[in-house]
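Undergrad: The structure under discussion is supplied below as structure tokens; questions concerning it will follow.
The values are calculated or read from the model by the stated rules, or taken from the named source; none is laboratory data. Keep in mind it's a predicted model, so treat the numbers as computed, not measured. Virtual Cβ from ideal backbone geometry, glycine too; neighbours counted across all protein chains shown. With ligands, DNA and RNA removed, areas are computed over all heavy atoms of the protein, side chains included. Shrake-Rupley method; radii C 1.70, N 1.55, O 1.52, S 1.80 Å.
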Amino acid sequence: MSVTTKSSESETARLIVDDHEILLPVVIGTEDERALIIDSLRKETGYITLDEGFVNTGSTTSSITFLDGEKGILRYRGYPIEQIAENCDFVETSYLLIYGKLPTESELRAFRESIRQHTMIHEDMRSFYNGFPKDAHPMAILSSVVGALSTFYQDSLDPRDARQVEISIHRLMAKLPTIAAYSYKKSFGQPFMYPQNHLNYCENFLRLMFAVPTREYEPDPVVVDALNLLLICHADHEQNCSTSTVRMVGSSNANLFASISAGICALWGPLHGGANEACINMLQQIVEDGGDVTKYVNMAKDKTSNFRLMGFGHRVYKNYDPRAKIIKRACDRLLERLKLDDPLFEVAQKLEEVALRDEYFVERKLYPNVDFYSGIMYRAMGLPTTMFTVLFAIGRLPGWIAHWVEMHQSPTKRIGRPRQIYTGPGLRNVVPISQRS
Ligand code: CMC
């Protein structure tokens, strides 16, 4: 196959299959990323492409997030993650992702105000929680209750109605922290608090989590700042597993609540968002086992052990994850400001040091990812381990929404429906049950 310039504006690639030559159009992204458009391949040659795990397959063009895994670059709508983390709060970042521009003061005020109007959940919905077992994982509760939003808001389910979509977006942004906090309260039988609309997004969430009706609760500004930063770092990451799920479900014109609920399920897995919980459990195990990090690095290298370093490695980053860099620094700062000395942070740093010097990790370009240090921050903030992935979901919500909206606004949107190569038995006839062996 070769690439030829067809005209000054567009390129095509020449592909020869079975002596048949076809021209494939080339798409060039803002940062000179290139893709071949192959949708005519089967019609013209009889071949499809096969790429398990989508290792080399783009599912869409997108103008939301740019990621260069080789250089360790992450930008939301063109702005470097480092600048956003330094200058914006989470609601502002959400506006940027969803609407494509940084808000003016009045736009941001109106957005915050609208979200504030929707923070409570329906009283009947609160009673759902009685039906879940006390030890239910909060991610299971989160996806169920978010899915159930479509039963309460049947007036805003049409993905083709811009006004209905707008209301659903604001409802979701407002209610997800409330739904999440109630899953935690349920786990040990504390009363559910009502949201307080004079508080900001993160303060409100912390109060819903930690306040009780019998005494005043003042959110610690240090913890509020840390939470804002963590949510910003998780806000979008282009076509990851959960975002692709949200797009896939939404491509059938399923409503926004159903699509986000599916995204939450995809995020739960330990190879994706569930890695933050798995990582802290791993660090805890290493500490309890005497802190010998080399033993665990060796285990991770041993293919028969079935053990991986959680919070390490990434499909796209072949360099230090820029989010992990920001979070590691913030973690150091948070522990100092809260005057905490967490043995897990020391072990994590030792583990990183040993792994990054090891030939196995160097060769495969495996670095700490976003989930490696985030859990230590959540712990310092008093958040229980089972809530870590829930926090990831709250952070990722604006990214999921932005992608769902972008997909629906695309003039080339089609239902997501991959093909396959069938490898089962050839044609055979049904034998009567009495004659089967
Ligand atoms: N520990 C040990 N070996 C690893 C690890 C790890 N954490 N990650 C990858 N490898 C090895 C893997 O065994 C393979 O080795 P070989 O070439 O000898 O077969 C090679 O590195 C490539 O790995 P892969 O599984 O083919 O890579 P992938 O792109 O399919 O998977 C990943 C990416 C993130 C699922 C994987 O690195 C992993 O399982 N990491 C641990 C879980 C984790 O931290 N997940 C969070 C990802 S970041 C946040 C998010 O997206 O949610």
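Undergrad: Pull up the stretch 75-91, narrow it to residues that are among the acidic types (D, E) and surrounded by fewer than 19 Cβ atoms within 10 Å (Cβ to Cβ), then point me to the one that is nearest to the chain's Cα centre (by Cα).
TA: My answer is E82.
Undergrad: Please go through the stretch 234-252 and give me each residue that is closer than 19 Å to M310 by Cα and in a helix (DSSP H, G or I), ordered by number.
TA: Residues satisfying the conditions are C241, S242.
Undergrad: In the stretch 348-370, what residues are more than 10 Å from the ligand (Cβ to nearest atom) and of a type in the set (A, V, I, L, M, F, W, C)?
TA: Result: A348, L351, V354, L356, V362.
Undergrad: Have a look at L340, L335 and point out the one that is surrounded by 15 or more Cβ atoms within 10 Å (Cβ to Cβ) and more than 14 Å from the ligand (Cβ to nearest atom).
TA: Within the list L340, L335, the selection yields L335.
Undergrad: Select from the stretch 343-373 the residues that are open to solvent by 30 Å² or more (accessible area, probe 1.4 Å), among the aliphatic types (A, V, I, L, M) and in contact (Cβ under 8 Å) with a residue 40 or more places away in the chain and list them in ascending order.
TA: Selection gives V354, L366.
Undergrad: Can you pull out every residue in the stretch 149-181 that is among the small types (G, A, S) and open to solvent by 40 Å² or more (accessible area, probe 1.4 Å)?
TA: Matches in the stretch 149-181: A162 only.
Undergrad: Considering the stretch 93-104 alone, what residues qualify as being part of a helix (DSSP H, G or I) and either touching an Asp or Glu at 6+ places or on another chain (Cβ under 8 Å) or open to solvent by 40 Å² or more (accessible area, probe 1.4 Å) (or both)?
TA: Hits for the stretch 93-104 are Y95, L97, Y99.
Undergrad: Working only within the stretch 381-416, note down all residues that are part of a helix (DSSP H, G or I), touching a residue at least 60 places away in the same chain (Cβ under 8 Å) and more than 19 Å from the chain's Cα centre (by Cα).
TA: H408
Undergrad: Now for a separate question. Inside the stretch 14-61, can you point out the residues that are β-branched (V, I, T) and open to solvent by 70 Å² or more (accessible area, probe 1.4 Å)?
TA: I16, I28, T30, T49, V55, T61
Undergrad: Another one. Identify, please: which residue in the stretch 197-252 is modelled with pLDDT of 95 or more and of a type in the set (K, R) and is, among those, nearest to the ligand (Cβ to nearest atom)?
TA: Among them, the one singled out is R247.
Undergrad: Being assigned to a loop (DSSP other than H, G, I, E, B), at pLDDT below 95 and within 12 Å of the ligand (Cβ to nearest atom) is the requirement here; does N306 meet it?
TA: The answer is yes for N306.
Undergrad: Search the stretch 192-219 for residues being in contact (Cβ under 8 Å) with a residue 60 or more places away in the chain and assigned to a loop (DSSP other than H, G, I, E, B), and hand back the single one that is least open to solvent (accessible area, probe 1.4 Å).
TA: P195
Undergrad: I've got another one for you. Considering only the stretch 312-332, state which residues are among the charged types (D, E, K, R), within 13 Å of the ligand (Cβ to nearest atom) and either surrounded by fewer than 17 Cβ atoms within 10 Å (Cβ to Cβ) or in a loop (DSSP other than H, G, I, E, B) (or both).
TA: R315, K318, D321
Undergrad: Then there is this: Within the stretch 285-303, take every residue that is in a loop (DSSP other than H, G, I, E, B) and open to solvent by 40 Å² or more (accessible area, probe 1.4 Å) and give me the one that is farthest from the ligand (Cβ to nearest atom).
TA: G290
Undergrad: Considering every residue within the stretch 273-284, establish whether at least one is in a helix (DSSP H, G or I), within 13 Å of the ligand (Cβ to nearest atom) and open to solvent by 40 Å² or more (accessible area, probe 1.4 Å).
TA: yes
Undergrad: Here's something else I'd like to know. Quick one: G72 ticks every box in (1) on the phi > 0 side of the Ramachandran plot; (2) surrounded by fewer than 16 Cβ atoms within 10 Å (Cβ to Cβ) bar one, so which box is it?
TA: Going through the list (1) on the phi > 0 side of the Ramachandran plot; (2) surrounded by fewer than 16 Cβ atoms within 10 Å (Cβ to Cβ), G72 breaks only (2).
Undergrad: Now for a different question. Name the single residue, out of those in the stretch 253-272 being within 11 Å of the ligand (Cβ to nearest atom) and part of a helix (DSSP H, G or I), that is least open to solvent (accessible area, probe 1.4 Å).
TA: Top of the filtered list is L267.
Every residue, every condition in (1) more than 26 Å from G29 (Cβ to Cβ); (2) away from the ligand (no atom under 16 Å from the Cβ); (3) not aliphatic (A, V, I, L, M), yes or no:
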site: V55; (1), (2), (3): no, no, no
site: R75; (1), (2), (3): no, yes, yes
site: E82; (1), (2), (3): no, yes, yes
site: Y95; (1), (2), (3): no, yes, yes
site: S106; (1), (2), (3): yes, yes, yes
site: R116; (1), (2), (3): yes, yes, yes
